[in-house]
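Asker: Pasting a structure below so you can have a look.
Please treat every number below as a calculation from the coordinates, not as lab data. These numbers were taken from a predicted model, which means no experiment stands behind them. So basically every Cβ, Gly included, is an ideal-geometry build from the backbone, and we count neighbours across all protein chains shown.
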Amino acid sequence: MLIEMDEMQTRLDALVAALDGQDPGAIIAASEALATAVILFRGAAIPAGAEARARVLIGQVLRQLEAAAIRVNVLKNWTRQRIDRNHAMRGTAPRGLATSY
């Protein structure tokens, strides 16, 4: 389980870096790698005596997830602003709300 947690942390770091780089291909690849790491983690058992280390790792992963979510929201807002500016330049109206997860 600890190996899977470390792998998930590594994949989350890669996703945050891809989000910071604003590279769609890297974001997709990092997201898919993270999804695989999550699946492997869900099937893992916590070894006896490793509960404290598991709690620390889970806390780190949760903080990284929050960091990734913040970056996604920032990118979504920037995209919405660009769309709105394009509509303003064309003199057209947006077709509806921008939805997010």
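Asker: Tell me the residue from A35, A26, A52, A45 that is among the hydrophobic types (A, V, I, L, M, F, W, C) and surrounded by 13 or more Cβ atoms within 10 Å (Cβ to Cβ), please. Show your work before the answer.
Answerer: Details: A35 fails: surrounded by 13 or more Cβ atoms within 10 Å (Cβ to Cβ); A52 fails: surrounded by 13 or more Cβ atoms within 10 Å (Cβ to Cβ); A45 fails: surrounded by 13 or more Cβ atoms within 10 Å (Cβ to Cβ).
Answer to the check: A26.
Asker: Of these, I58, I46, I39, which one is in contact (Cβ under 8 Å) with a residue 12 or more places away in the chain, assigned to a helix (DSSP H, G or I), closer than 17 Å to M5 by Cα and over 14 Å from the mean Cα position of the chain (by Cα)?
Answerer: Working: I46 fails: assigned to a helix (DSSP H, G or I); I39 fails: in contact (Cβ under 8 Å) with a residue 12 or more places away in the chain.
Among I58, I46, I39, only I58 is in contact (Cβ under 8 Å) with a residue 12 or more places away in the chain, assigned to a helix (DSSP H, G or I), closer than 17 Å to M5 by Cα and over 14 Å from the mean Cα position of the chain (by Cα).
Asker: Only one of these is of a type in the set (A, V, I, L, M), under 23 Å from T10 (Cα atoms) and in contact with a Pro (Cβ under 9 Å, 6 or more places away or on another chain): A54, A69, A33, A37. Name it.
Answerer: Working: A69 fails: in contact with a Pro (Cβ under 9 Å, 6 or more places away or on another chain); A33 fails: in contact with a Pro (Cβ under 9 Å, 6 or more places away or on another chain); A37 fails: in contact with a Pro (Cβ under 9 Å, 6 or more places away or on another chain).
None of the other options fit; the residue is A54.
Asker: Quickly run through region 51-71 and pick out the residues that are out of contact with any helix residue (DSSP H, G or I) (no Cβ under 7 Å at 6 or more places or on another chain) and charged (D, E, K, R).
Answerer: Those that are out of contact with any helix residue (DSSP H, G or I) (no Cβ under 7 Å at 6 or more places or on another chain) and charged (D, E, K, R): E51, R55, R63, E66.
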